1. Restricting to segment 131-186, give me the number of residues that are closer than 27 Å to residue 204 by Cα, of a type outside the set (Gly, Ala, Ser), touching a strand residue (DSSP E or B) at 6+ places or on another chain (Cβ under 9 Å) and not in a helix (DSSP H, G or I).
2. Could you figure out which of (1) assigned to a helix (DSSP H, G or I); (2) out of contact with any strand residue (DSSP E or B) (no Cβ under 6 Å at 6 or more places or on another chain) isn't true of residue 500?
3. What is the number of the single condition among (1) assigned to a loop (DSSP other than H, G, I, E, B); (2) modelled with pLDDT of 85 or more; (3) surrounded by fewer than 17 Cβ atoms within 10 Å (Cβ to Cβ) that residue 537 does not meet?
4. Sort out which residues of segment 79-90 are surrounded by fewer than 18 Cβ atoms within 10 Å (Cβ to Cβ) and either of a type in the set (Gly, Ala, Ser) or more than 17 Å from residue 51 (Cβ to Cβ) (or both), and write them in order of number.
5. In segment 302-344, which residue that is part of a helix (DSSP H, G or I) and exposed (fewer than 11 other Cβ atoms within 10 Å of the Cβ) is modelled with the lowest pLDDT?
6. Hey, among 240, 236, which residue is touching an Asp or Glu at 6+ places or on another chain (Cβ under 8 Å), within 30 Å of residue 122 (Cα to Cα) and either modelled with pLDDT of 75 or more or surrounded by fewer than 17 Cβ atoms within 10 Å (Cβ to Cβ) (or both)?
7. Would you pick out the residues in segment 403-426 that are buried (at least 18 other Cβ atoms within 10 Å of the Cβ) and either under 49 Å from the mean Cα position of the chain (by Cα) or part of a loop (DSSP other than H, G, I, E, B) (or both)?
8. Taking into account only those residues within segment 282-299 that are polar (S, T, N, Q) and in a helix (DSSP H, G or I), which is modelled with the highest pLDDT?
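The values are calculated or read from the model by the stated rules, or taken from the named source; none is laboratory data. The structure presented is a predicted model; accordingly, all values stated were derived computationally and were not measured. Cβ placement follows ideal geometry from the backbone for every residue including glycine, while neighbour counts extend to all protein chains displayed.
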Amino acid sequence: MNIHKRFVVQFFFQLTIVFILFFFLVLSFWGIIGFTIMNEEPSHDLSKAESYYFEDKITVKKNKAIFDDDLKQDAKKQEGWFLVITEKGKVIGSFRTPKQLPAQFSESELAALTLQPRSLSTEYTFWELKKSGQKPMLLVFGKENIPFILLNKVKPDVDWKEQQLALSPAALQLIKEENGWVRLVSSNGKIIDHFGEEKKTGKYSKKELLSLAKDEQNSTAAYHDDETKLTIITGIDDSILSSSLEDGVTNAAKNSFLIIIALLFLFLLLGTFWYARKFGVPLLTMMKWIQNLGSGIYEQPVDLQQQPLLQNKKGKLKRKYRLYKDLIATLTVLTETLRHNESQQRKMAKTREEWISGLSHDLKTPLSSISGFAQMMESDTYSWTEAEKKEFAGIIAEKSSYMMELLEDLTLTYRLSNQALPISKEKVDMNEFIRRTIIHFVNDPANSEKEFTFQPYEGSVFASVDPKWFQRIIDNLIGNAVKFNPAGTAITVSTSLIEQHLIVIKIEDDGIGMDNETVNKLFQRYYRGTNTSESGSGTGLGMAITKQLVEVHGGSINVKSTLKEGTVFRILLPTEGHSGDTLYKTPRKI
């Protein structure tokens, strides 16, 4: 998954979480309002509460009901009372109950209590309480039926014949105290006379009379006089109660809204810090990384304890950086490339300095010889014979040839050190390749005093080599065996396989051999003969170049030697295939 898709997935899940949180906040808002209404309404009128409201506020211990203090306060404020009765009619709890109520109810008494009409001075509300581990109980809440009390107080004061209210001072006082009202209504619904806060005037329709009893804003009672066909309606104005309830709900809504705003603000702050950590910190870290690269510091950023910022203790990418793992992988490759390039530049600079130093050192001796002989030939003090001039010219040509060879070797080793040598590999039959090389040495009259033997692998064996540069390797090794050993030395070249994967090429002789110091330093530059006065000493770079060329071909070379016994060079190369066809059954002397 690329970085674009990971960002899409990340933002999708994050926005989904935000939506879910917002949804739950809205639910919480309405839940708080609903809970407030559920708790506010009973505090103003307990008769409208549900049974579960009381189940949390009434506990039974040792067969005795205990009322919550808040429940007692609400009952006292509403001038009501409570009674808790078991299935057998026993009263196990009461609060502010009238004295005339019994402590034990019979079935008939319970029926009379629960089935009595509303037109009594006391209004009853009943709930069945079901508490876990206990038998169901009956909760009774009673309070004065104020509209019925007002009706009984007003009824004697009505002048039925005059069709008017002639209320006594006591009735007027009671109506005012209870926030009540009274109306005298004719047979056709017309309001003839009225008193109280409720300013209803005009005429009642049948629909209004039917809905009056169901109106939660009003508690009413009525009496009809059959003789005059007039009706008295009394009631209590519950608008104040409703207004108080609405105020409570409004305050709860405001508080809920403020809480949600505070939660949203807190969520915004936490979200801001989270996003800054999730997206900002990794970006700042990578910016620091890029700045380090620009400053030449080719390493990943580290903390104060010099520990990597991007990895944990197990070496794995930390969670907050995984979103950018493609970018981090690219920066890692860039860092490694720049570090490698810097290393190569330093290596090239060092090699260049060594090349210049070696060149100036190695050219000084032959140039001194050439300059000396040229000055001698130019001098008028002496008269040189033709033979002497010819000798001087030969020495100058020899030194010039040596200088050319030295320059070529220095250039070659410089290119090898900087991986700048072009290699064009081919699949070559090594038996045939080495056989032709040995024939070349055998045909050289200068090597007539040496004995050459070739021991090829019994079959064709192939390797991937550059013919030009691999020829240089074999020529150097055989040439050194010829050059540094006396007449009569036997030189043996052989090829073989190791586990069918590696070609082994051996060049061995039974000549003068080398001591341990020479063997240990043989592949170092300039170890052998930089003094051009020594015949056949070479440039001192041949064996160093040979080792470099073998390594360029993916192989290795080692040497073993013993003084007065001889030397063995062993080259290992990866094979490119072989066959069992026998080309050379026995060792061949060439």
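1. Number of matching residues: 15.
2. (1)
3. Exception for residue 537: condition (2).
4. 79, 88, 89, 90
5. Restricting to residues being part of a helix (DSSP H, G or I) and exposed (fewer than 11 other Cβ atoms within 10 Å of the Cβ), the top hit is 319.
6. 236 is the lone residue from the list that is touching an Asp or Glu at 6+ places or on another chain (Cβ under 8 Å), within 30 Å of residue 122 (Cα to Cα) and either modelled with pLDDT of 75 or more or surrounded by fewer than 17 Cβ atoms within 10 Å (Cβ to Cβ) (or both).
7. 414, 416, 417
8. Top of the filtered list is 291.
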